[in-house]
1. What are the ³J(HN,Hα) values, in whole Hz, obtained from phi via the Karplus relation 6.51 cos²θ - 1.76 cosθ + 1.60 with θ = phi - 60°, for each residue of the stretch 500-516 in sequence order, with x given for Gly and Pro?
2. Report, in listed order, any pair from Lys116/Lys200; Lys116/Lys175; Lys20/Lys204; Lys234/Lys326; Lys539/Lys589; Lys117/Lys326 with a Cα-Cα distance greater than 32 Å.
3. Rounded to the nearest 20 Debye, what is the dipole magnitude of the stretch 309-389 about its Cα centre when Lys and Arg each give +1 and Asp and Glu each give -1 at the C-beta?
4. Given Cα pairs under 8 Å that are at least 6 residues apart, what percent is the relative contact order of the stretch 330-466?
5. Report, by chain and number, residues whose modeled amide H sits under 5 Å from the one on Ile7, excluding near sequence neighbours (fewer than 5 apart, same chain).
6. Return a whole-number percent for the relative contact order of the chain, with Cα pairs under 8 Å and 6 or more residues apart as the contact set.
7. Using the Karplus equation 6.51 cos²θ - 1.76 cosθ + 1.60 (θ = phi - 60°), what ³J(HN,Hα) coupling, rounded to whole Hz, does each residue of the stretch 222-231 give in order, writing x for Gly and Pro?
8. Sorted from largest down, give the three principal axis spans of the alpha carbons of the stretch 4-195, whole angstrom values.
Amino acid sequence: MIEASKIRNVAIIAHVDHGKTTLVDQMLRQGGAFRENQEVAERVMDSNDLERERGITILSKNTSINWKGNFINIVDTPGHADFGGQVERVLSTVDGVLLVVDAFDGPMAQTRFVLKKALELGIQPIVVVNKIDRPGSDAHGALDKVFELFIELGANDQQLDFPHIYAAARNGICKMEMEDPDSDFAPLFDQIVEKIPAPKGDFKEPLSMLISSLDYSEFLGRLAIGRVKQGTIKVNQQIGLSQEDGSIRRTRCTKIYAYYGLKLTEIDEAGPGQIVQLAGVQDFELGDTIVEPDNPVVQERITVDPPTISMIFQVNDSPLAGKEGKFVTSTQIGDRLKREALGDVALRVEQQADPSKYLVAGRGVLHISILIEKMRREGYEFAVGRPQVIIREIEGKVCEPIETFTVDVPTEHQGPVIQELGSRRGEMVHMENSGHSTQIVYEMPSRGLIGVRSKLLSLTRGYAVMQTLFKGYEPIKGEIAERKEGAMISKEEGDATGYSLFNLQDRGVMFVSPGAPCYPGMIVGEHCREDDIVVNVVKGKKLTNMRASGSDDTVTLIPAKDQSLEEAITWINSDEIVEMTPSSIRLRKMYLDENERKRQGRKVVSDE
Ligand SMILES: Nc1nc2c(ncn2[C@@H]2O[C@H](COP(=O)(O)OP(=O)(O)OP(=O)(O)O)[C@@H](O)[C@H]2O)c(=O)[nH]1
Ligand SMILES: [Mg+2]
């Protein structure tokens with residue numbers, strides 16, 4: 001057992017991309033977590049494939065280093081707003097945070113969210129102004145803005161007196177003041193030990209440990225994660241589980257794990273301040289407290305924010321179904337979804353009246369699309385519908401989720417952006433012009449934000465910078481029109497030909513390339529007009545030589561638009577679905593048959 005006075009529990013919090021994981025990386029390197037000349041990947045904490053590919057943190061993770069005889073527990077957290085709930089839960093296990101702020105960007109939407117939570121819990125912050133090496137960065141200016149943010153969020157005098165440090169995490173350097181020479185991370189480690197309080201709590205008191213997070217392992221089942229507040233927990237000792245209804249159920253834990261460096265190490269017992277994973281605890285819920293059965297010290301339950309977005313997952317029944325996936329049946333899809341929900345408290349899965357369909361609800365489009373991507377990689381094939389916001393009734397009123405949406409655009413593009421956001425029921429609350437760029441703040445329904453990213457990027461030639469922050473539930477705003485552009489729908493079955501795509505390309509944006517298998521009812525492009533149009537993409541001679549210019553037979557084919565998974569699911573309307581297979585993403589009409597679609601009421605024009 002580690003003596004509490006030698007423990008420091010600290011979470012790294014920040015806006016997306018401000019450098020949390022890079023900072024943890026260097027802390028591990030300099031804190032001796034790796035052997036001399038051990039080969040380690042960059043941003044080693046972003047350990048799963050999807051995190052590495054996307055360059056973002058999806059799951060918060062624990063690690064630890066040893067500094068001058070102190071055991072510093074570090075929790076890296078995700079910066080993306082969809083995972084904000086995780087940050088909140090992590091904060092219940094730490095006594096201090098490193099609030100990382102980009103010296104170039106200054107504090108941003110998620111900085112405010114995470115700092116507000118930390119201040120409310122009375123946690124000691126150390127501000128790390130990071131990326132001071134970035135050309136054009138303003139470290140002092142960023143720190144001033146952080147100070148203003150503290151005041152605005154109602155920090156008390158002690159909190160306002162926060163320690164700060166400047167860093168270039170990627171280069172592994174930091175300094176107390178900008179004038180100081182570059183140093184390794186020693187000053188940062190010293191600050192953590194000095195300024196962040198050691199955990200309180202006595203190992204002789206009755207055991208109390210709040211379950212603040214959970215995980216799922218194929219071999220060990222569900223794992224309860226939390227920090228021992230007081231008392232001692234031992235392997236196989238009888239423990240009590242204080243449940244939501246106030247009752248205490250007797251159980252035991254069969255294994256205890258703690259984080260040493262990057263390794264999860266099995267230990268026999270843990271005491272106050274230690275963050276541990278427990279295996280073998282039967283039927284626990286997040287928020288339960290692990291107690292001594294005859295002398296329970298119960299901690300306040302933590303709650304999980306309810307999901308705001310849902311999507312239907314269903315069996316793929318397109319004409320191309322089952323060709324690319326390994327797991328395709330509704331039972332396989334359902335089992336996989338339910339397994340995910342065991343380890344992800346923010347996810348809900350419900351089978352629908354039609355047993356081939358499941359409603360999957362989560363904290364945002366990114367949250368659910370990461371699950372889709374994971375399943376595709378494991379060999380699953382299925383189809384998903386358009387994301388829907390989850391409506392709630394509050395005090396007799398129908399309410400929907402509202403977000404604060406901030407967008408920075410080059411001033412020359414602001415007109416179309418304002419028009420677009422207005423049509424999505426955005427209410428402008430603030431607008432500030434600083435020369436070339438304008439920042440506009442909106443309050444708008446989450447509904448209106450679905451698909452907004454790609455739309456604004458195309459309106460501003462890629463220059464719009466967007467941030468969202470969940471504001472709360474409010475009475476439902478008016479109707480929001482779905483995508484205005486119609487779909488180009490394939491009439492025939494067969495492989496798309498360059499010849500037909502060439503003839504269609506000035507009528508919209510094509511989604512398929514020559515050779516792509518198509519079927520009736522499949523969406524092959526976005527029409528430049530409002531109505532859906534049925535087209536033939538398989539006719540004509542197979543042209544093989546497409547060149548920029550030349551003889552009669554060579555044509556210039558605009559490359560098909562390669563939609564990302566998120567783009568595809570936010571592009572579709574409610575009468576459309578997306579086929580997901582390990583190797584393809586195809587868009588289609590829910591009703592493949594043209595006459596059936598007509599009966600369902602959407603206006604369609606025919607090409608011929
Ligand atoms: N110039 C510079 N770039 C940095 C520094 N620290 C991090 N970066 C870069 O910033 C980007 C984001 O870094 P991450 O460490 O992944 O950021 P994060 O805060 O963990 O991001 P999320 O987990 O997605 O919220 C990467 O490209 C880093 O290389 C720094 O000190 N200087
Ligand atoms: Mg990260």
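Bear in mind these aren't lab numbers, they're just calculated from the coordinates by the rules spelled out. Predicted model only: the values in this text are computed from it and were never measured. Because the Cβ atoms are built from the backbone with ideal geometry, glycine has one as well, and the counts that use them run over all protein chains shown.
1. 6, 5, 4, 6, 9, 5, 8, 9, x, 10, 7, 9, 10, 9, x, x, 5
2. Details: Lys116/Lys200 23 Å; Lys116/Lys175 26 Å; Lys20/Lys204 36 Å; Lys234/Lys326 43 Å; Lys539/Lys589 21 Å; Lys117/Lys326 43 Å.
The answer is Lys20/Lys204; Lys234/Lys326; Lys117/Lys326.
3. Values: 12 positive and 10 negative charges, 30 e Å.
For the stretch 309-389, the charge dipole is close to 140 debye.
4. Values: 163 pairs, mean separation 25.8, N = 137.
19 percent.
5. Phe71
6. 10 percent.
7. 7, 10, 9, 10, x, 10, 6, 7, 8, x
8. Result, largest extent first: 45, 40, 38 Å.
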